[in-house]
1. For the stretch 155-182, which residues satisfy the criterion of being among the aliphatic types (A, V, I, L, M) and touching a residue at least 24 places away in the same chain (Cβ under 8 Å)?
2. Restricting attention to the stretch 4-18, does a residue exist that is exposed (fewer than 14 other Cβ atoms within 10 Å of the Cβ), among the basic types (Lys, Arg) and modelled with pLDDT of 90 or more?
3. Conditions first: (1) open to solvent by 100 Å² or more (accessible area, probe 1.4 Å); (2) under 30 Å from ALA27 (Cα atoms). GLU131 passes all but one, so which condition is the exception?
4. So which pairs qualify, if the first residue must be in the stretch 121-147 and on the phi > 0 side of the Ramachandran plot, the second must be open to solvent by 30 Å² or more (accessible area, probe 1.4 Å), the Cβ gap must be under 7 Å, and the two must be at least 6 apart or on different chains?
5. How about the stretch 134-181: which of its residues are touching a Lys or Arg at 6+ places or on another chain (Cβ under 9 Å), among the small types (Gly, Ala, Ser) and surrounded by 14 or more Cβ atoms within 10 Å (Cβ to Cβ)?
Amino acid sequence: MTAKPMSRLVRQAFPYHNELATAGDRAESAVLVLGFVIAMLAVPVAGAAGSEIYALQSARVAVDQATRSRTDAVLVEDAPPAVGMSERSGAVEAAPVLATWRSRDGSPRSGEVQASPGAEKGAVVPIWIDESGAATEPPMTPEGAAIDAVFLGLLLWSAVAGAMAALYFAARFAHKRVRMRKWSAEWERIAPDWTGR
């Protein structure tokens, strides 16, 4: 931030030394300072919330890692072909396809698994299974837990800071409307002396 905008912000935040400052200027200043203080106080709160979320997610990581395992599923039917895929489309969505696999105790299981479009019958697809042998989502990783915690902490702080910014701009808008009404009323009062009408 350059010197001019910074000095203007300081004057807006602390107009008390300006003899021309009105009660509205002081109220606007109070909202600006209050919003800044609340946004700064929200930093440790968001950090604590992120830490709590990380602790909860770490517990989930431990459970997922202990109860889920990887195995290979064999497709018993062809996967549907990709529809409308272009060279620029990038990654293609997987499609649900009927397959068989073995659970941890060796018993056969079957169900739908996600396979690449166009995969043929007999193709091997790696999947994750839970303790009962049912296909499930991959386990959460410690990295995923950390990313979730950081994202949610930042989201919380951004919501508080955004609310404070919205409050300040609403106060500024209201102050400007009041000031314009006062100027308009004052001009109507003195206009006849200036214009001779």
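1. If we filter the stretch 155-182 for residues that are among the aliphatic types (A, V, I, L, M), which is where we start, we get 155-156, 159-161, 163-167, 170-171, 174, 178, 180.
Hits for the stretch 155-182 are LEU156, VAL160, ALA161, MET164, ALA165, LEU167, ALA171, VAL178.
2. no
3. Only one criterion in (1) open to solvent by 100 Å² or more (accessible area, probe 1.4 Å); (2) under 30 Å from ALA27 (Cα atoms) is unmet by GLU131, namely (2).
4. Every condition considered, the pairs that remain are GLY122/VAL74; GLY133/ARG104; GLY133/SER107; GLY133/ARG109.
5. Here is the first cut: in the stretch 134-181, the ones touching a Lys or Arg at 6+ places or on another chain (Cβ under 9 Å) are 134-140, 145.
Retained after the next criterion (residues that are among the small types (Gly, Ala, Ser)): 134-135, 145.
Scanning the stretch 134-181 gives ALA135, ALA145.
The values are calculated or read from the model by the stated rules, or taken from the named source; none is laboratory data. Just so it is clear, the model here is predicted, and its values are computed rather than measured. Cβ atoms come from the backbone with ideal geometry, glycine included; neighbour counts cover every protein chain shown. Quick note on the areas: whole protein, heavy atoms, side chains included, nothing else; ligands and nucleic acids left out. Shrake-Rupley method; radii C 1.70, N 1.55, O 1.52, S 1.80 Å.
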